[in-house]
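Notes to accompany the following structure.
The values are calculated or read from the model by the stated rules, or taken from the named source; none is laboratory data. For clarity, every value in this text was computed on a predicted model and none was experimentally measured. Here the Cβ positions follow ideal geometry from the backbone for every residue, glycine too, while neighbour counts run over all protein chains shown. Remember, those area values only see protein heavy atoms, side chains included, never the ligands or the DNA or RNA. Shrake-Rupley method; radii C 1.70, N 1.55, O 1.52, S 1.80 Å.
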Amino acid sequence: MTPDPLPRRASTPVGARRYVFAGLSHAHSALRRADTPPTRAIRRQCQGESMSNQERPASLAGLTPEQMNEASKGTFADVVGLRYTEITPDRVRGEWVVEPHLHQPMGIVNGGVYCTVIETLASIAGAVWLGTGGTVVGVNNNTDFLRAVREGTLSAEATPVHRGRTQQLWQVVIVDEQRRPVAHGQVRLQNLPNRD
């Protein structure tokens, strides 16, 4: 029998579970304090309830980066540490600090982090552009990893390539503190009209 080359991780210690639950509890408390359509919808998700059509935000258009950061607390983007810095129908920008929990076993940022940021920024941008005309869903995410990163602050910017009646295509570029490209991606979005 050959030894396993990678050590197996022990199960999560009870104290660590308490920390995770405390973090979720803190995020949930922040959502209870915020009373905007996006935070009401996310609050229901955190409580394990599905969102009703009345609680879904009619549109992300007009949200400030601060409101979007608040609405994102407790979501997957929040786990990554993504913070929105600009939200317009033509561009969405965000940034995050590389922390060890975002590394893969070799000590560099896991490619899934880049895919998450690219998908998130493109989806928010597409939804803001579409406004009250409906919602968007991602149907393809093509991400290229260009440079390994171990630490620092990364920034990303989503800009449109095509915005049509039924689909949108957004490109997202992630750069490091020296403005060197770290990852590049394209996300194709399907525009879903509102249901009456």
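Would you mind getting me the FRET efficiency between residue 159 and residue 101? Use the beta-carbon distance for r and R0 = 30 Å, nearest 0.05.
That gives a FRET efficiency of 0.55.
Please report, as a whole percent, how much of the solvent-accessible surface of the range 74-196 comes from carbon and sulfur atoms (probe radius 1.4 Å).
Whole-percent figure for carbon plus sulfur exposure: 49.
Measure off 7 Å from each Cα along the Cα-to-Cβ vector at residue 139 and residue 78, then give the distance between these two points in nanometres to one decimal.
3.1
Given a Förster radius of 25 Å and the C-beta distance between residue 167 and residue 61 as r, what FRET efficiency does 1/(1 + (r/R0)^6) yield to the nearest 0.05?
It comes to 0.85.
How large is the accessible surface per residue of the range 46-196, computed with a 1.4 Å probe and reported in Å² as a whole number?
Per residue, the range 46-196 has an accessible area of 53 Å².
In whole Hz, what ³J(HN,Hα) sequence does the range 75-91 give by Karplus (6.51, -1.76, 1.60; θ = phi - 60°), x for Gly and Pro?
Ordered by residue, 3J(HN,Hα) equals 9, 4, 4, 5, 4, 5, x, 5, 10, 6, 10, 7, 9, 9, x, 10, 6 Hz.
Take the Cα pairs of the range 106-196, get the Kirkwood Rh, then feed it into Stokes-Einstein at 20 °C and 1.002 mPa s and tell me D in µm²/s.
157
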